[in-house]
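Notes to accompany the following structure.
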Amino acid sequence: MKWIVLAVMFCLSVMVGIMFSAKYKKRELFYSALIMFAQKLDVEISFSRERLKNLINNMDEKTKKNLFGLDKNFLTYLDGKEELSMEKLFKNCPVLKNDEKETVFLFFKSLGRSDALGQSKEIQNFIKRFDENLSKCASENKKYGSLCFKLGIIVGLFMIVVFI
């Protein structure tokens, strides 16, 4: 019975480590999906001049999943159902810090506000910002993501040693 309890405690500590490391991975995936989304918008606005609503609806599912519902929340704004605010835009996106949320909010707020050439230049500027954030998130994921997982294992082993 004692070994079963120790095994459960070890598994729980490893799971906590995995949950903490998943936060860093999600941030990295979010920024890579946001860059892909912005690049697609830039290309489509420059060449096809398709409506913004149709461009967002035609995104691939992997990108939509990694945007944590920002696309759906922005579509409700485009439909005229809600006013665009930070709380409504980020209600399903807990992985960003406040300053990052402000930058992403400004990106979505600027979409569709100017002509195609000006919009393309703005999107390129935001892509540069997002790329800087992506490289920062990737380095944090390398450092702290693996660290959290390893600490979960170490804490689990420590608890086993203490309770034996």
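Selection of first residues in the range 103-118 that are on the phi > 0 side of the Ramachandran plot and of second residues that are in a helix (DSSP H, G or I), restricted to Cβ pairs under 7 Å at least 6 apart or on distinct chains, gives the following pairs, ordered by first then second residue: Gly112/Leu52. None of Leu52, Leu34, Leu29, Leu67 is farther than 25 Å from Glu83 by Cα and aliphatic (A, V, I, L, M) except Leu29. Across the range 117-138, the qualifying residues are those that are of a type in the set (D, E, K, R) and closer than 30 Å to Ser48 by Cα, and the one among them that is surrounded by the most Cβ atoms within 10 Å (Cβ to Cβ) is Glu122.
Is it the case that some residue within the range 10-31 is closer than 22 Å to Gln119 by Cβ and in contact with a helix residue (DSSP H, G or I) (Cβ under 8 Å, 6 or more places away or on another chain)? Checking the range 10-31: at least one residue is closer than 22 Å to Gln119 by Cβ and in contact with a helix residue (DSSP H, G or I) (Cβ under 8 Å, 6 or more places away or on another chain).
Among the listed residues Asn66, Asn92, identify the single one that is surrounded by fewer than 13 Cβ atoms within 10 Å (Cβ to Cβ) and not β-branched (Val, Ile, Thr). So that I can check it myself, show each step before the final result.
Numbers: Asn66 fails: surrounded by fewer than 13 Cβ atoms within 10 Å (Cβ to Cβ).
From the options Asn66, Asn92, the qualifying one is Asn92.
When Met9, Met59 are checked against the criterion of being surrounded by 12 or more Cβ atoms within 10 Å (Cβ to Cβ), of a type in the set (A, V, I, L, M), outside any helix (DSSP H, G or I) and out of contact with any Phe, Trp or Tyr (no Cβ under 6 Å at 6 or more places or on another chain), a single residue qualifies: Met59. Within the range 104-116, being surrounded by fewer than 18 Cβ atoms within 10 Å (Cβ to Cβ), modelled with pLDDT of 85 or more and of a type outside the set (Phe, Trp, Tyr) holds for Leu106, Lys109, Ser110.
Based on this model, can you work out whether Leu75 counts as surrounded by 13 or more Cβ atoms within 10 Å (Cβ to Cβ) and modelled with pLDDT of 80 or more? So Leu75 passes the test. Scanning the range 37-56 for residues that are closer than 12 Å to Gly112 by Cα, assigned to a helix (DSSP H, G or I) and in contact (Cβ under 8 Å) with a residue 60 or more places away in the chain turns up Leu41, Asp42, Ile45, Leu52. Taking the listed residues Ser146, Ser139, the one that is out of contact with any helix residue (DSSP H, G or I) (no Cβ under 9 Å at 6 or more places or on another chain), assigned to a helix (DSSP H, G or I) and within 30 Å of Val14 (Cβ to Cβ) is Ser139, with no other qualifying. Give the number of residues within the range 139-161 that are hydroxyl-bearing (Ser, Thr, Tyr), over 19 Å from Ser32 (Cα atoms) and surrounded by fewer than 13 Cβ atoms within 10 Å (Cβ to Cβ). Number satisfying all stated conditions: 0.
The values are calculated or read from the model by the stated rules, or taken from the named source; none is laboratory data. Since the model is a prediction, treat every value here as computed from it, not as a measurement. Cβ atoms come from the backbone with ideal geometry, glycine included; neighbour counts cover every protein chain shown.
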